[in-house]
Amino acid sequence: MNRRHFVIASSMAFLGSCGKSQKMRLALNWKPDPQFGGFYAAPYQEHGLDVEILPGGAGTPTIQMVGAGSAEFGVVSADELVVARSHGNDVVALFAVFQTNPQGIMVHASRNLRSLSDVLQSGGTLALQRGLPYARLLEKKYGFSKVKVVPSPGGDISAFLADKNFAQQCFIMSEPLTARHMGADVQVFPVAEIGYNPYTTVLATSGDFLRKDLERAQAMVAAVREGWRRYVDNAEPVNQRMNKMNPSMPLDVFAEVASAQKSLIETDETRRNGLGSMTNERWQTLIAQLRDLGDIPKSLSADECFRTLSAAPL
Amino acid sequence: VSARRLRAVIPALIPLVVVTAIAELAARYGLVKGYLVPAPSAVLRAMIESRGELAGALLTTSASALTGFLLSTIIGIGIAVFLSSSRAIQRAFYPYAVFFQTVPIIAIAPLLVIWFGYGSRTVIASAFVVSIFPVIANTLSGILSTEPALRDLFRLYGASTPVTLWKLRFPSALPQILTGLRVASGLAVIGAIVGEFIGGQGLGSVVDVARTQQRVDKVFAAVLLASVLGLALFGLINLLSYATLRRWHQSEQQ
C-alpha cells in the first residue's frame, strides 16, 4: 500500500467510525439467563445501534473490560463500580436492572433459622466469597467465630445438598430454585435485609465513551429500557432464544426465574421514574457503606458514579 | 560474597532490573492502567502493607505444595518402577497415568472438596494430581533407557531384579528423574494455589479475595510470592541434583 492509499484508507476508516452502524459490544458476566433477558430483548436496530452481546463466565472482568475499552458496555454491580472508580477506573452506571439486591444466603429449612444473625451464630459451614463487601459486612456485624467460612463453589450446589448444616451464598432466584428442583427444602435470607442493597446487573460504560459518543449511549439506554419492558411483560420469546444459547438451563426454569425476578426489577421507584432508574441517595448510602468497610480508600461523590440519560417513564 | 558468585548471579538480575524499571515507568507515565497492571512500586507497597497476612499465606501454601510434591515424588517413582516391570503392565496402565496430565482440576474441584473436606487436604490433593505425571513419565523413560551393555553385565553376574533396579537402573535414571521433579515442582505450586481457590487458605485465598476487591497490586504481590516459592523448590532440586550427580554426570560437571 503506498502512502496515498494509506491516507485514503485511514480517512475512510475514520469516517466509517463516525457512522451510526459501528458495532458496539456489551459484555455480560455470566451465560445468557433471565438476569440478562432485557438485554437480549432490546430492539437495538430500531435505535440505530449494532450491538454484539458477549456472554461471560465466572470471573469475567467486565468492569476492567469497560475501563480498558475492550467492550463499550458491560454488566457490573454497583459496589464493584464504586470500588473500580476508587482505583481510577472511570466507569459510569447508566441503567440498573435489579433495584433490590438479589444476593442472599441459602440454608436448609430444617435448621429452623430465622435471620442472617442466626445463620452466623448457629455453627455449620458457610460458603462465601470473602472478598465481597457484604461478606465483610456480615463478618463485622455478626462475626465468623461460630461458623466455618469456606470458599464459594460458584453455582455448584453439590456440597449444599450433601450437608444439612451447609449454608451458601446465592442469587435468590438462582441456586435456591435449582436446590428445590433437586428436592432440598431451602430457606433464603436476602442480604438486602441487613441494609446492604446496591443496584446489581447494572449497565455501565466508560466516562471516555460518554464524552465521545453521548448520543449513542443515550440510544443504548433507551433500547435497553425498552428491552426490559418487553421482557418483564412477556419473557417467553426471549427465553426460547436464550435457552438455545444456554441449554443447560431448562426452559421451565427460565420462565420460573423470569417471573420470580419481576418484583426486584419493577418497583414503585421505577414506576415513577422508569425502569433502570437510579437515585443519588442509594449511591450515597452504598459509598458510605463501602467506605466504612474499608473497601475504598477515599469517599467519592455519588454523582460521578451514575448518569441519567433519559428520564422517560416506560 | 566472592567475585565468582557475583558473576553467577548478575546475569539473572539484569532482566529483573530492566523489566521492573520498564514496568514502573510505563505505570508512572500512564501507558498501562494501574487497575489492569499495577506498578512494581504499588506491588511492593501492598507486600509491605499486608506482610503478616502474606507471610502466613505463603507458609500455608508452601506446606501444602511441598507435601503434594513429596507425595507425587514418592508415589510417582513407585508407579514408574511398577510400570517398568513389564511391557504388558505398561500397555495396560500407562494410558491411565496420562489421565493425571489432562484432568482439568477445576472440573473435579467440587469432588475433591467432598472427598477431602475444606482446607489443606484438598489443597495437597490438588497439588499432587497436577504434579505426578511428569515424575511418572520421566522416571519411566529413565529406567527404560538403561545402557544395554551394563544390563548384560548385571545379568552375567547373576544380579537379582531388585538389585539391578537399585544399583543400576535407578542411578542411571536419576538425571531424568530430577528433570521430572523440576517440572513437577512448579506444577505443585500451581496445583496448590488452584486447590486453595476451592479449598480455602493460603496464597490462593489471598488472590481470590484480592481479585474480588479489585486489588490488582495485592494479587500481583501474592503471585510474586508464589513464584518465589516455585523458585525455592526448583533450587532445592538443583541442590539435590548437584549432590547426587556431580561425581559422575555431565550435567553437573561444568
Could you grab me the full set of residues in the range A:252-289 that are polar (S, T, N, Q) and farther than 18 Å from A:Gly195 by Cα? A:Ser259, A:Gln261, A:Thr270, A:Asn273, A:Ser277
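Within the range B:126-144, how many residues turn out to be of a type in the set (A, V, I, L, M) and more than 11 Å from the chain's Cα centre (by Cα)? If you could, list the steps in order and put the result at the bottom.
Here is the first cut: in the range B:126-144, the residues of a type in the set (A, V, I, L, M) are B:127, B:129-130, B:132, B:135-137, B:140, B:143-144.
When the remaining residues are screened for being more than 11 Å from the chain's Cα centre (by Cα), the result is B:129, B:136-137, B:140, B:143-144.
Matching residues across the range B:126-144 total 6.
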Number of positions in the range B:197-246 that are over 16 Å from the mean Cα position of the chain (by Cα), crowded, with 17+ Cβ neighbours inside 10 Å and either in a helix (DSSP H, G or I) or β-branched (Val, Ile, Thr) (or both): 20
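Conditions tested, residue by residue: (1) out of contact with any Leu (no Cβ under 7 Å at 6 or more places or on another chain); (2) part of a helix (DSSP H, G or I).
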| position | (1), (2) |
| --- | --- |
| A:Met242 | yes, yes |
| A:Phe254 | yes, yes |
| A:Leu264 | yes, yes |
| A:Arg282 | yes, yes |
| A:Ile296 | no, no |
| A:Thr308 | yes, no |
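Return the residue satisfying two criteria in turn: it lies in the range A:284-294 and is in a helix (DSSP H, G or I) and buried (at least 16 other Cβ atoms within 10 Å of the Cβ), and of such residues it is farthest from the chain's Cα centre (by Cα). Working first, answer last.
Our first condition is that a residue be in a helix (DSSP H, G or I); within the range A:284-294, this holds for A:284-292.
Those still in the list that are buried (at least 16 other Cβ atoms within 10 Å of the Cβ) too: A:284-287, A:289-291.
Numbers: A:Gln284: 19, A:Thr285: 18, A:Leu286: 15, A:Ile287: 17, A:Gln289: 19, A:Leu290: 18, A:Arg291: 21 Å.
Out of the qualifying residues, it is A:Arg291.
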If I filter the range B:85-104 down to residues being of a type in the set (S, T, N, Q) and in a helix (DSSP H, G or I), which single residue comes out as farthest from the chain's Cα centre (by Cα)? B:Gln90
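Can you name the residue in the range A:52-98 that is among the β-branched types (Val, Ile, Thr) and within 9 Å of chain B (Cβ to nearest Cβ) and is also surrounded by the most Cβ atoms within 10 Å (Cβ to Cβ) among such residues? Give the steps one after another, and end with the answer.
The first filter runs over the range A:52-98 and keeps only residues among the β-branched types (Val, Ile, Thr), leaving A:53, A:60, A:62-63, A:66, A:75-76, A:82-83, A:91-92, A:97.
Among the residues that remain, those that are also within 9 Å of chain B (Cβ to nearest Cβ) are: A:63, A:83.
Details: A:Ile63: 25, A:Val83: 23.
Per the stated criteria, the residue is A:Ile63.
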Show the residue pairs meeting these rules: Cβ distance below 9 Å; 6+ apart or different chains; first residue within the range A:151-169 and within 11 Å of chain B (Cβ to nearest Cβ); second residue basic (Lys, Arg). A:Pro151/A:Arg130; A:Ser152/A:Arg130
State whether the residues of the range A:215-232 include one that is at pLDDT below 95, acidic (Asp, Glu) and farther than 24 Å from A:Leu49 by Cβ. no
Looking only at residues that are buried (at least 17 other Cβ atoms within 10 Å of the Cβ) and touching a helix residue (DSSP H, G or I) at 6+ places or on another chain (Cβ under 6 Å) in the range A:139-150, which one is farthest from the other protein chains (Cβ to nearest Cβ)? A:Tyr142
Given the options B:Phe99, B:Phe116, name the one that is more than 14 Å from chain A (Cβ to nearest Cβ) and of a type outside the set (Gly, Ala, Ser). B:Phe99
Which of (1) farther than 22 Å from A:Arg307 by Cβ; (2) surrounded by fewer than 22 Cβ atoms within 10 Å (Cβ to Cβ); (3) within 14 Å of chain B (Cβ to nearest Cβ); (4) not hydroxyl-bearing (Ser, Thr, Tyr) does A:Leu126 not meet, given it meets every other one? (2)
B:Leu59 fails exactly one of (1) in contact with a helix residue (DSSP H, G or I) (Cβ under 7 Å, 6 or more places away or on another chain); (2) free of Cβ contacts under 8 Å to residues at least 40 places away in the same chain; (3) within 26 Å of B:Leu236 (Cβ to Cβ), namely (1)
Pairs needed: first member in the range A:24-48, buried (at least 24 other Cβ atoms within 10 Å of the Cβ); second member anywhere, basic (Lys, Arg); C-beta distance under 6 Å; at least 6 residues apart or different chains. A:Ala41/A:Arg230
Residue in the range B:74-87 that is at pLDDT 95 or above, more than 17 Å from B:Pro134 (Cβ to Cβ) and hydroxyl-bearing (Ser, Thr, Tyr) present: no
Count of residues meeting criterion [in contact with a Lys or Arg (Cβ under 9 Å, 6 or more places away or on another chain) and surrounded by 15 or more Cβ atoms within 10 Å (Cβ to Cβ)] in the range A:153-175: 2
Scan the range B:1-30 and report the pairs whose first residue is over 15 Å from B:Ala42 (Cβ atoms) and whose second residue is part of a loop (DSSP other than H, G, I, E, B) and β-branched (Val, Ile, Thr), with Cβ atoms within less than 9 Å and a gap of 6+ or a chain change. B:Val9/B:Val1
Could you check B:Thr73 against (1) crowded, with 16+ Cβ neighbours inside 10 Å; (2) within 14 Å of chain A (Cβ to nearest Cβ); (3) more than 30 Å from A:Met65 (Cβ to Cβ) and say which number it fails? (2)
Exactly one of B:Ala159, B:Ala173 is at pLDDT below 95, over 30 Å from B:Gly56 (Cα atoms) and in a loop (DSSP other than H, G, I, E, B), and that one is B:Ala159
Does the range B:163-173 contain at least one residue that is crowded, with 24+ Cβ neighbours inside 10 Å, more than 14 Å from chain A (Cβ to nearest Cβ), touching a residue at least 24 places away in the same chain (Cβ under 8 Å) and under 24 Å from the mean Cα position of the chain (by Cα)? yes
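The values are calculated or read from the model by the stated rules, or taken from the named source; none is laboratory data. Remember, predicted model here, so these are calculated numbers, not experimental data. We place every Cβ from the backbone using ideal geometry, glycine too, and count neighbours over all the protein chains shown.
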